[in-house]
Amino acid sequence: MVMTKRGLVLGATAVVLTTVAVTGAGMRLSQSQAFFQESPKELIDEVWQIIDRTYLDGTYNKNDWRSVRSEYLDRSYADEKEAYKAIREMLEKLGDPYTRFMDPSEFKNMQIDTSGELSGVGIQITKDEKTKQLVVVSPIEDTPAFKAGILAQDIIVKIDGKSTEGMELEDAVNMIRGKVGTKVTLTIQRKSQNTDYTLTRSKIEIHPVRSHIETSPVGKVGYIRLNQFSAQAGQEMRDTITKLESQGVQGYILDLRSNPGGLLYSSVEIARMWIDDGVIVSTVDRKGVVERQRANNRALTDKPLVVLVDGGSASASEILSGALQDHHRAELVGTKTFGKGLVQSVRSLGDGSGLAVTIAKYLTPNGRDINKEGIPPDIEVTLTEDDRKALQQDRNKIGTFADPQFAKAFEVLKPEIANYQKSPGNQATTTK
């Protein structure tokens with residue numbers, strides 16, 4: 001998850017397994033830190049007040065929230081650690097894995113510093129609400145986890161031989177994190193088969209946008225892979241589209257596979273580059289207040305577009321792909337997306353700890369609520385295990401005709417390019 005300029009978060013997972021620098025004034029410790037350490041109840045009440053004012057579910061998961069406050073403030077706490085434990089216990093009553101408390105160390109490690117280097121194994125994980133298992137949302141491209149072959153939807157059953165059954169998400173993170181050059185072994189369950197992956201922690205650079213041109217019988221096809229919706233993603237996407245337009249591409253394939261999300265404003269910014277008019281996304285709070293983000297008549301291209309999605313395409317990826325699908329701007333090829341339609345606000349608390357709170361849900365332009373449902377592709381193409389292994393062993397094949405989902409996307413794109421070239425005013429752009 002990443003904090004936006006407005007404090008709004010879109011991400012399929014609570015944790016990115018990296019050690020990162022913390023940026024932004026909101027991360028500084030409050031001047032009242034000592035006061036909170038001396039009076040842990042003040043911190044508990046601060047958390048309670050934030051939930052009371054902003055949490056999406058006004059029933060608080062059918063809990064009497066005022067009674068909950070009395071219950072936890074009537075207790076005695078020897079130190080902040082006891083208060084932290086009580087806060088986590090209190091938040092569990094909400095039954096929401098995305099609303100969570102982070103102690104100061106966890107809060108610092110939680111933020112992705114998209115402008116610098118990260119260190120870790122390069123996976124994003126969540127805790128499944130029903131099974132309570134630790135699930136991989138997606139591996140980050142060019143990281144130890146990606147290169148080793150860990151996939152979205154893999155289940156982590158052991159960490160260095162220790163069972164993850166009943167393990168808290170943060171405890172798992174603390175076990176997986178470590179110094180660059182050290183190793184950690186993850187036991188992964190996939191289709192009832194367990195496999196050990198020994199990963200060497202390393203520094204990781206995340207480049208949100210990558211692109212190349214594929215030459216085809218109908219002209220040049222611009223392939224754009226977007227790995228995450230970071231603060232830099234919008235500008236990189238703008239630069240990429242502008243460059244590809246200048247090179248005479250006839251259509252685009254946008255790859256959102258294994259993109260776990262990121263910044264809300266980044267997803268809107270990028271959607272505006274493809275959609276000229278209309279609603280992009282609506283956010284709804286617990287009072288039913290609807291805020292709509294719209295296109296601004298500044299699309300960079302109207303050329304044909306196909307989008308690649310899979311089970312690792314989550315949240316901000318679903319905002320973009322859902323908007324493109326609803327506006328019939330693009331067809332989606334691949335498999336159903338992750339299904340995370342909630343928005344979090346990340347707040348710094350008085351002692352330097354942090355709180356992520358689900359404050360809204362989002363809807364696609366046609367009013368679809370995709371939370372826990374995902375977005376179905378227009379054309380379903382599932383990669384076999386052999387396909388996945390081949391692409392991960394030779395990453396240069398991703399986004400080429402050796403990539404089965406890309407190949408299908410091109411099949412879909414080809415007639416659309418032909419029709420576009422026949423349209424009045426577009427003949428001059430045809431590549432001979």
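General remarks:
- Residues that are among the hydrophobic types (A, V, I, L, M, F, W, C) and modelled with pLDDT of 50 or more within segment 11-66 comprise L43, I44, V47, W48, I50, I51, L56, W65, listed in sequence order.
- So I280, is it crowded, with 17+ Cβ neighbours inside 10 Å, within 23 Å of the chain's Cα centre (by Cα) and farther than 24 Å from G311 by Cβ: no
- When each of N419, N371, N396 is tested for being outside any helix (DSSP H, G or I) and at pLDDT below 95, the lone residue that passes is N371.
- Residues being closer than 25 Å to K81 by Cβ and crowded, with 24+ Cβ neighbours inside 10 Å - total across segment 339-348: 1
- Checking S163 against (1) at pLDDT below 95; (2) out of contact with any Phe, Trp or Tyr (no Cβ under 9 Å at 6 or more places or on another chain); (3) polar (S, T, N, Q), the condition it does not meet: (1)
- Matching residues, segment 102-141, being modelled with pLDDT of 80 or more, among the hydrophobic types (A, V, I, L, M, F, W, C) and more than 21 Å from T337 (Cβ to Cβ): M102, F107, V121
- Top-ranked residue in segment 137-191 [being assigned to a strand (DSSP E or B) and of a type in the set (S, T, N, Q); ranked as surrounded by the fewest Cβ atoms within 10 Å (Cβ to Cβ)]: S163
- Test: residue in segment 280-289 that is more than 30 Å from F107 (Cβ to Cβ) and at pLDDT below 95: yes
- Test: residue in segment 289-304 that is surrounded by 18 or more Cβ atoms within 10 Å (Cβ to Cβ), touching a Leu at 6+ places or on another chain (Cβ under 7 Å) and not acidic (D, E): yes
- Top-ranked residue in segment 320-352 [being β-branched (V, I, T) and not in a loop (DSSP other than H, G, I, E, B); ranked as nearest to the chain's Cα centre (by Cα)]: V343
- Where a residue in segment 363-388 is at positive phi and its partner, wherever it lies, is among the hydroxyl-bearing types (S, T, Y), with Cβ under 7 Å and at least six apart: G374/T337
- Residues in segment 161-210 that are in contact (Cβ under 8 Å) with a residue 12 or more places away in the chain and small (G, A, S): G161, G166, A172, G178, G181, S202.
- Scan of segment 192-206 for residues that are assigned to a strand (DSSP E or B) and over 23 Å from N227 (Cβ atoms), ordered by number: Q193, N194, T195, D196, T198
- Residues located in segment 240-268, provided they are within 20 Å of L342 (Cβ to Cβ) and assigned to a helix (DSSP H, G or I): L264, Y265, S266, S267, V268
- Filter result for the condition that a residue is part of a helix (DSSP H, G or I), among the polar types (S, T, N, Q) and buried (at least 23 other Cβ atoms within 10 Å of the Cβ), over S317, S313: S317
- Residue satisfying condition, being in the same structural domain as R238 (by TED's automatic domain parsing), at pLDDT 95 or above and among the β-branched types (V, I, T), within set V346, V309: V309
- Within segment 349-361, the set of residues being over 14 Å from W48 (Cα atoms) and surrounded by fewer than 21 Cβ atoms within 10 Å (Cβ to Cβ) comprises G352, K361.
- Checked against the criteria, G234 counts as outside any strand (DSSP E or B), at pLDDT 90 or above and crowded, with 20+ Cβ neighbours inside 10 Å.
The values are calculated or read from the model by the stated rules, or taken from the named source; none is laboratory data. None of the values given here were measured: they were computed from a predicted structure. Heads up, the Cβs are rebuilt from the backbone with ideal geometry, glycines too, and the neighbour counts pull from every protein chain shown.
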